[in-house]
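One structure is given below, encoded as structure tokens.
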Amino acid sequence: MESLQGNVSHAQECGKYVHETPTDSGAGEATSRDGVHVAQLDVDIRKFFDTLDHGCLRRLLQRRVRDGVLLRLIGKWLNAGVLENGALSFPEEGTPQGGVISPLLANIYLHTVLDEWLEREVKPRLRGRVFLIRYADDFVLGFTCEADARRVLELLPQRFVQHGLTIHPDKTRLVRFRPRPNGRDANRPNVPHTFDFLGFTHHWGRSRNGRWVVQRKTASSRFTRAIRKIAAWCRRNRHEKIGQQQVALRQKLQGHYNYYGITGNSAALARFWYFVQRVWKKWLSRRNRERHWNWGHFHRMLKRYPLPPPRAVHSVLRRAANP
């Protein structure tokens, strides 16, 4: 199959970490090098995996795949039934979200619909620079000229409708992603200056040497969702042995650190670690109505059954020291 790699997008590919995607080739680089502000398009495709057009996808596959056996295999996979709530259905469009081949098909589809269109048709007509960062159907567009961003925002829905896709009007927005809001924007609190991408809130902040850099922290919606899942688990398993609960919570915390453990996100990681301890103490206290766990008792228990402290698994400093 022809390679889909280019200089405008990152896909779900082997060896490509989500943590390297949002800023390594994006807004921070454009702003610091060109000395200009950046406007960001935060785009959401409505029900992408549910509305992907099979006919258009097959035409795109035939342009890149010559092996008829592989094409027939993909066709059978697309035509396979979906069992949901005991009912078997055969959808005529879309691919099951979470399916092993769905990210690959999404990349092939959007590479033509979005990536190539942006390179061949859009970039030559813009006044400033533009970059695209995409991970399957999640993507953001960055511009060095806000007027260009507004033009593309008008064109994107038309382009996607031609290929059976719809831009979500409420979740797609223009973000003035600038190191320092100008006087007019500073007095308008409803003007967004941050955006969420792949579970992280991206914002500008000062580095240790005083330079403006793009920083990331756990998105508030993802943080709240993770805590609620931990609380629900602790509630269901509060009567299990403490050692068994500790093993499971260690795994959950480590999984959280593996994804959100990046440089600059230490405050959110510490908050998560603290709230997990509070939730665990709460439900241990409710194991027995006659025995309430105070913090002293709980901390003594933690010495025997410790929970892993926050750790920046994906550290920029560690990568720089060990290239």
TODO: Can you work out the accessible area per residue across the range 65-168, with the rest of the protein chains kept in place, probe 1.4 Å, in square angstrom?
DONE: 53 Å²
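Does the range 83-166 come out rounded, prolate or oblate by the C-alpha gyration tensor, with a ≥ b ≥ c the root eigenvalues, rounded set by a/c under 1.5 and, if not, prolate when a/b is larger than b/c and oblate if not? Intermediate values should be presented prior to the final figure.
Numbers: a/c = 2.94, a/b = 2.47, b/c = 1.19.
Prolate is the answer for the range 83-166, as a/c is 1.5 or above and a/b outweighs b/c.
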- [ ] Just the number, please: carbon plus sulfur as a percent of the accessible area of the range 46-91, 1.4 Å probe, no ligands or DNA/RNA counted.
- [x] 54 percent
Task: Residues with amide H under 5 Å from that of THR166, placed H, sequence gap 5 or more - done: ARG46
Task: Theoretical FRET efficiency, 1/(1+(r/R0)^6), r = Cβ-Cβ of HIS54 and LEU155, R0 30 Å, to 0.05 - done: 0.75
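Taking all protein chains as present, what is the carbon and sulfur share of the accessible area of the range 189-279, in % to the nearest whole number, probe 1.4 Å? Could the numbers behind the result be given before it?
Values: 2510 of 5080 Å².
Here it works out to 49 percent.
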TODO: Please list, or write none, the lysines whose alpha carbon is within less than 18 Å of the alpha carbon of LYS282, excluding same-chain residues fewer than 8 places away.
DONE: LYS229, LYS241, LYS252, LYS303
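The values are calculated or read from the model by the stated rules, or taken from the named source; none is laboratory data. All of these numbers come straight from a predicted model, not from anything done at the bench. Because the Cβ atoms are built from the backbone with ideal geometry, glycine has one as well, and the counts that use them run over all protein chains shown. Heavy atoms of the whole protein, side chains included, go into the accessibility calculation; ligands, DNA and RNA do not. Shrake-Rupley method; radii C 1.70, N 1.55, O 1.52, S 1.80 Å.
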